[in-house]
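The values are calculated or read from the model by the stated rules, or taken from the named source; none is laboratory data. All values derive from a computational prediction rather than experimental measurement. Cβ placement follows ideal geometry from the backbone for every residue including glycine, while neighbour counts extend to all protein chains displayed. What goes into the accessible areas is simple: the full protein's heavy atoms, side chains included, and nothing from ligands, DNA or RNA. Shrake-Rupley method; radii C 1.70, N 1.55, O 1.52, S 1.80 Å.
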Amino acid sequence: MTLSNHLTGTRTRRKPTALISGASIAGPVLAFWLNRCGYEVTVVEKAGALRSGGYPIDVRGTALEVVRRMGILPRLREAHIDLRRITFLEGDGSEVASLHPHSVTGGVAERDLEVRRGDLTEALYTVVRDDVEFVFNDLVDTLDQSGHGVDVTFRGGGRRTFDLVFGADGMHSRTREMLFGPEEQFHHYLGYCFAVFTMRNTLGLSHETVMWNSPGRAAALYAVGGDEVHAFLNFAQQQPPFDAFPDPRAQRDLVATVFADAGWQVPGMLAALRDADDVFFDAVGQIRMPRWSHGRVALVGDAAWAPSFLTGQGTSLALVGAYMLAASLADGGHAASFAAYEHSTRGFVTMNQDLVGKGGATLFPLTPQALAERNDRLRNLGAIPTGAGRPAHSALVLPEFTPMA
C-alpha cells in the first residue's frame, strides 16, 4: 500500500504489520529480524511480564550464530553456567559414574552455552524492546483471515488488523489450535511425564547435576550455584494423565504415588513438591505437523515442532527457526516466503527431533535390563568428550540476512 505525503508530494510505502503471539524465545527473535525487514511488529504475551530465572537451557550449533548476529553472544557468554559434572546413581544411591555433561548431551566444551532461561529471554527482550511494541497480560482471542489481512480480537477487548500473524506461543499453542485444530492430532506422546520445581540446596551442590534412576523413574537435582536447586521428577506413564493436567493437586498426588517407595533424596523432594509455588508439570512429547502455515498465519518454535527436552534442542531450534522465517520473508510475499521457510528449515528440525531416542535411552531406561546396560555404557565413557558435537546441532548453515529496502 502506498500513501501520499501532502506536504512534499512524495509517496511513501506503508510498513507491513506483523503480530507475534508469545514473548519467550522464538517470538522476540522473530520480532528482531522482522523489524529489520521493515515490518511494524507487535508482540502479545499472556503473562504479565517476562519470566525471570527459570531452569537452564542450552544454545548449541547453528543457534550460536543466530545470537552472534543479534549481538548478544558476549552477554550470554558472561551468563554461561558452566555445568561441570553429572553424576548418575543406582537405585540404592551408590554412584554409577560421574561425567562431564557434554559426554551425555553431545555438546562442545568452551563453545556451546548453558544459561538460565530468564537470562536468555531478558537478553532477547533488551535488544528489541525499543523497536517493537510489547503487549503483556493479553492474548489473541480470535483470528479472521481475509484478502486484506488478519483481523484479530484480543482477550482484553481490543481489535486490530495485521498483514501477518505468527504463533510463537509454545507447545500448547492457542494459535495452532485456532488455525489447525486440537493439539491431539499433532502431539506425539513419548511415554513420560515430569515435574520440575525449585527447592533448598540441602546437599551443597554447585554447578552439577545428580540423577537417581530406577526402571521407569528418575529424580535429579540440578545446581547452578546458590541456595536453591532445580528438582526434577520424571516417570514413565503409558497414557498421558489428562485428568491431572488442569489440576495442580492431582499432579502432586500422581507424582507422590509414583515415587512413594523411592530412596535417595526423593522423600525430601516430594515434601518440597507439596509446598513449591513454581511447579511445572507436563507430558513429554513432540509436535509434528505436515505444514507450519495457513494463509497469512505461520507457526514457529515449539508451536510448530516442539522436539521435547529429551533432545536438548528446543531452545536452539526456536532461535534458528525464527531467523529462517524472517530471512524467508525478507525476499518477498508471504505465500512464497512461508513455503521457502518450510523447505529450508524442515530437514534441520526433523534431524534434531530424531535425537529423542538417544535422550530417552540415556536418561530414563524403562526396564532393569535397559538400566543395567545404560549404566555399563556410562562407566565406559570418557570424562571429557572431544570432537565437534552431534552433527544435527550444526546441520544447517544460516543464509545471509538481506532485509528489504
When region 87-123 is examined, which residues are found to be open to solvent by less than 20 Å² (accessible area, probe 1.4 Å), touching a residue at least 60 places away in the same chain (Cβ under 8 Å) and in a strand (DSSP E or B)? Thr87, Phe88, Leu89, Val96, Ala97, Leu99
Would you be able to tell me the number of residues in region 116-132 that are of a type in the set (Lys, Arg) and closer than 15 Å to Glu78 by Cα? 2
Pairs with Cβ under 8 Å, 6+ apart, first in region 362-391 and at positive phi, second modelled with pLDDT under 85 and not basic (Lys, Arg): Gly387/Val108; Gly389/His102; Gly389/Gly106; Gly389/Gly107; Gly389/Val108
It is to be established whether one or more residues within region 225-237 are free of Cβ contacts under 8 Å to residues at least 24 places away in the same chain, open to solvent by 20 Å² or more (accessible area, probe 1.4 Å) and over 25 Å from the mean Cα position of the chain (by Cα). no
Does region 124-145 hold any residues that are out of contact with any strand residue (DSSP E or B) (no Cβ under 9 Å at 6 or more places or on another chain) and outside any loop (DSSP other than H, G, I, E, B), and which are they? Leu124, Thr126, Val127
Within region 285-296, count every residue that is of a type in the set (Lys, Arg) and either on the phi > 0 side of the Ramachandran plot or crowded, with 17+ Cβ neighbours inside 10 Å (or both). 1
Quick check on my filter: what residues within region 50-71 are within 18 Å of the chain's Cα centre (by Cα) and not in a helix (DSSP H, G or I)? Leu50, Arg51, Ser52, Gly53, Gly54, Tyr55, Pro56, Ile57, Asp58, Val59, Arg60, Gly61
Residue that is surrounded by the fewest Cβ atoms within 10 Å (Cβ to Cβ), among those in region 185-195 that are closer than 26 Å to Ala218 by Cβ and not hydroxyl-bearing (Ser, Thr, Tyr): His188
How do the pairs read when you match residues in region 165-188 that are under 23 Å from Gly149 (Cβ atoms) with residues anywhere that are among the β-branched types (Val, Ile, Thr) and assigned to a helix (DSSP H, G or I), using Cβ under 7 Å and keeping only pairs 6 or more apart or on different chains? Gly167/Thr175; Asp169/Thr175
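Filter the helices (runs of 4 or more DSSP H) completely within region 242-352 down to those with at least 3 residues that are modelled with pLDDT of 95 or more, small (Gly, Ala, Ser) and more than 25 Å from Pro215 (Cβ to Cβ).
314-329
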Filtered residues of region 34-48 (kept if touching a Phe, Trp or Tyr at 6+ places or on another chain (Cβ under 6 Å) and open to solvent by 10 Å² or more (accessible area, probe 1.4 Å)): Glu45, Gly48
Considering only region 150-186, how many residues are at negative phi and part of a loop (DSSP other than H, G, I, E, B)? 11
Just one listed residue, out of Leu325, Leu363, Leu299, is in contact with a strand residue (DSSP E or B) (Cβ under 7 Å, 6 or more places away or on another chain), open to solvent by 10 Å² or more (accessible area, probe 1.4 Å) and of a type outside the set (Lys, Arg), and it is Leu363
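Restricting to region 250-284, what's the tally of residues that are open to solvent by less than 70 Å² (accessible area, probe 1.4 Å) and among the polar types (S, T, N, Q)?
2
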Out of all the residues in region 200-224, which are touching a strand residue (DSSP E or B) at 6+ places or on another chain (Cβ under 9 Å), open to solvent by less than 30 Å² (accessible area, probe 1.4 Å) and farther than 24 Å from Gly53 by Cα? Trp212, Asn213, Gly216
Residues located in region 98-115, provided they are touching a Pro at 6+ places or on another chain (Cβ under 6 Å) and within 22 Å of Ala26 (Cβ to Cβ): Glu114
Kindly indicate whether Ala244 is of a type outside the set (S, T, N, Q) and either open to solvent by less than 60 Å² (accessible area, probe 1.4 Å) or on the phi > 0 side of the Ramachandran plot (or both). yes
